[in-house]
Amino acid sequence: MSRPSLRDVRTRLLVVVLVALAVGLAAATAGFNLLVTHTADRDANAILRQRVDSERSLVQIRNGALHLTEHSDDRVADARIWIFQGGSPLEAPRSRPEATAATHALTRGPSRFVTLGASDERLLSLPITQHGRRYGTIVAGVSLAPYEHTARIGLIASVAFAITLLLVVAVAVWWLLRSTLDPVARMTVQASRWSETDLEGRFRLGEPHDELTRLAWTLDQLLDRIAASLRHERLVSAELSHELRTPLAKLRAEAELALRRRRTPEEYTAALKQVLAAADQLERIVHTLLAAARQEAGGQHGVADAHEVAVAAVEACAPIAEARGVKITVDKTPRLNVGVDAAFAERVIHPVLDNACRYAHAAVRLEMSRSDGTVAFSITDDGPGVPKEERSRIFDPATRGAVGRTAGAGAGLGLALARRLARAAAGDVEAAPTDSGARFVVRLPAA
C-alpha cells in the first residue's frame, strides 16, 4: 500500500476540517433557529395573556350578567377579542369561519391555547368566574405571521452566515495547509536533487523557531554527521593506501628479484624472510587500524610499557635511519605505562619518528615524561624544522610543509594518521616550538 502524498494529506485534512466545521455549524444553526422559534412562541403567548388579563379588568358581573366598562372602539385596532356570556357572543370581531368555530369551542373547558393552522392565528381563552360560577369567556387572538416571518428571516440569515463562514474557513484552512506543507514539498524536491557525492547540500533555513525550521535544522545536523562519516571513510581509505603502500612495494620487489634469475637456496631463504617481514608489517598495520577503529568505537583499552613502545618504534624506523645516517637516541626514564595497546601506541609514534628520520641531518632524540595523566613522547630532530605558520596545517591529510614539498618525500598522510590515532585514544599529536630543528610531542593517556 503506497504512502499518501503531501497533496493527498492536505486534501484529507481540508475535508476533515470542513466536515467537522459543517457539522458544528449545522448544529449551531439548528439550535439558533430552535431558540428563535421558542422565543417567538413565548412572546406570542405573553401578548395573549396580557390581552386577556387587560380585557378581564374591563368586564364586570352585575346581577348575573356581564357588563363592559369600555367600548370596543377604545381598544387597539388590531386587538382580536371575543367576549362570550355563556355561549353567546357579547362582542366579536370579524373573523373567518374556522376562527369563529374555534372561539365557540373555547367557551367550554379551562383556559387554554389553540393554534389555527389555516388562518395562521393563535387563540387564548380565559373563563369569567365569580364565587366558583362561570358567567362567560374571554378569547384573545393574535396573528403568528410576524413571528413566523422573523423566524424565517433568522433561518435564512443563519444559513447564509454558516455557508459564508464555511467558505471563509475553507479558504483559510487551504491557505494555511498549503503554506505549511509546501515548504516540506520544496525540501523534498531539494533533497532529491542532491547526489550521493554532494556532501555540502543543506536546507539552511536558519535557527529553529518553529516545527518546520526545527525539522530542517535537525536534518542539516544529520547531513553534517553523514558527511563527516563519509569524509572519515575517505580518510581511512587514504590512510590504508598510505600505510600499506610500503610493505606491498617490498613484497613485490622481493618477489620480482627472486624470480629474475635462479638463486641459491640461501638467497631464496633470505628473500622469503624479507617477504615474511613485509607480510608481518602488513599484518601489524591492519591490526593497528582495527585497534584505532575499536578505540573510536569505545572499545576496551590495553596497557603497555612506554619504553618498550619507544624501542619498538625505533626498530621499525631503523632502515630509514641507517639509510640516511641518522642516529636515534632513546632517553632512559623511570617506568611509565600508557593506557593503550603496545601495537597501537607504536603505530601512533612510528609516523612521527619516521618523519623525523626523513628530515633530520644526523640525530633524532626521543624522550618520555608524564604529566596531567598523560605520557608525552617528545621527538626532536636537527633538521630544517617546521615554520610556525605550518605547525597546524601539516596535520591535514595530504598536506606537506614547504620542506616536504621541496624534498618530494611522502604523501602527507603519516602525521594526519598519527594525530587521528592518538585522538581516538584521548591523546594528541602536536608540533611544539623549539630553538632549532623540529620537535613533535605525542601524548597518550597514562595507565
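The values are calculated or read from the model by the stated rules, or taken from the named source; none is laboratory data. The structure displayed is predicted, hence computed values, not measured ones. Cβ placement follows ideal geometry from the backbone for every residue including glycine, while neighbour counts extend to all protein chains displayed. With ligands, DNA and RNA removed, areas are computed over all heavy atoms of the protein, side chains included. Shrake-Rupley method; radii C 1.70, N 1.55, O 1.52, S 1.80 Å.
Starting from the stretch 176-190, keep only residues that are within 13 Å of Thr213 (Cα to Cα) and among the aliphatic types (A, V, I, L, M), then list their pairs with residues that are at pLDDT 70 or above and open to solvent by less than 40 Å² (accessible area, probe 1.4 Å) whose Cβ atoms are within a distance under 7 Å, requiring at least 6 positions of separation or different chains.
What qualifies is Met187/Phe203; Met187/Ala216.
Inside the stretch 181-208, can you point out the residues that are assigned to a loop (DSSP other than H, G, I, E, B), of a type outside the set (D, E, K, R), modelled with pLDDT of 70 or more and open to solvent by less than 40 Å² (accessible area, probe 1.4 Å)?
Those that are assigned to a loop (DSSP other than H, G, I, E, B), of a type outside the set (D, E, K, R), modelled with pLDDT of 70 or more and open to solvent by less than 40 Å² (accessible area, probe 1.4 Å): Gly201, Phe203.
Can you confirm whether Val139 is in a strand (DSSP E or B), aliphatic (A, V, I, L, M) and modelled with pLDDT of 90 or more?
Criteria met by Val139.
Six or more apart or on different chains, Cβ under 6 Å: which pairs go from a residue in the stretch 416-437 that's of a type in the set (Asp, Glu) to one that's at pLDDT below 90? Could you list them?
If the second residue must be at pLDDT below 90, the pairs left are Asp428/Ala422.
Taking the stretch 336-377 only, how many residues are open to solvent by 10 Å² or more (accessible area, probe 1.4 Å) and either in contact with a Phe, Trp or Tyr (Cβ under 8 Å, 6 or more places away or on another chain) or hydroxyl-bearing (Ser, Thr, Tyr) (or both)?
Adding up the residues that qualify gives 7.
I need every pair where a residue in the stretch 13-30 that is closer than 21 Å to Trp175 by Cα has its Cβ under 6 Å from the Cβ of a residue that is open to solvent by 70 Å² or more (accessible area, probe 1.4 Å) and in a helix (DSSP H, G or I), sequence separation at least 6 or different chains.
Short answer, once both residue conditions are applied: Leu14/Trp174.
Looking at (1) of a type in the set (Val, Ile, Thr); (2) touching a Gly at 6+ places or on another chain (Cβ under 8 Å); (3) surrounded by fewer than 17 Cβ atoms within 10 Å (Cβ to Cβ), find the lone condition where Val59 falls short.
Going through the list (1) of a type in the set (Val, Ile, Thr); (2) touching a Gly at 6+ places or on another chain (Cβ under 8 Å); (3) surrounded by fewer than 17 Cβ atoms within 10 Å (Cβ to Cβ), Val59 breaks only (3).
Quick check on Val52: is it open to solvent by less than 40 Å² (accessible area, probe 1.4 Å) and more than 60 Å from the chain's Cα centre (by Cα)?
When the stated conditions are applied, Val52 passes them.
Go through the stretch 425-444 and give me each residue that's in a strand (DSSP E or B) and open to solvent by 30 Å² or more (accessible area, probe 1.4 Å).
Asp428, Glu430, Arg439, Arg443
Is one or more of the residues making up the stretch 150-169 open to solvent by less than 70 Å² (accessible area, probe 1.4 Å), over 41 Å from the mean Cα position of the chain (by Cα) and among the hydroxyl-bearing types (Ser, Thr, Tyr)?
yes
Could you say whether any residue in the stretch 242-255 is open to solvent by less than 60 Å² (accessible area, probe 1.4 Å), among the small types (Gly, Ala, Ser) and at pLDDT below 70?
no
Take the residues in the stretch 1-38 that are open to solvent by 50 Å² or more (accessible area, probe 1.4 Å), part of a helix (DSSP H, G or I) and of a type in the set (S, T, N, Q), then tell me which one is modelled with the lowest pLDDT.
Once the filter is applied, the top-ranked residue is Thr11.
On the given criteria, is Thr333 in a strand (DSSP E or B), loosely packed, with under 15 Cβ neighbours inside 10 Å and out of contact with any Phe, Trp or Tyr (no Cβ under 7 Å at 6 or more places or on another chain)?
no
Determine, yes or no, whether Arg231 is part of a helix (DSSP H, G or I), open to solvent by 90 Å² or more (accessible area, probe 1.4 Å) and at pLDDT 70 or above.
For Arg231, the condition - part of a helix (DSSP H, G or I), open to solvent by 90 Å² or more (accessible area, probe 1.4 Å) and at pLDDT 70 or above - is met.
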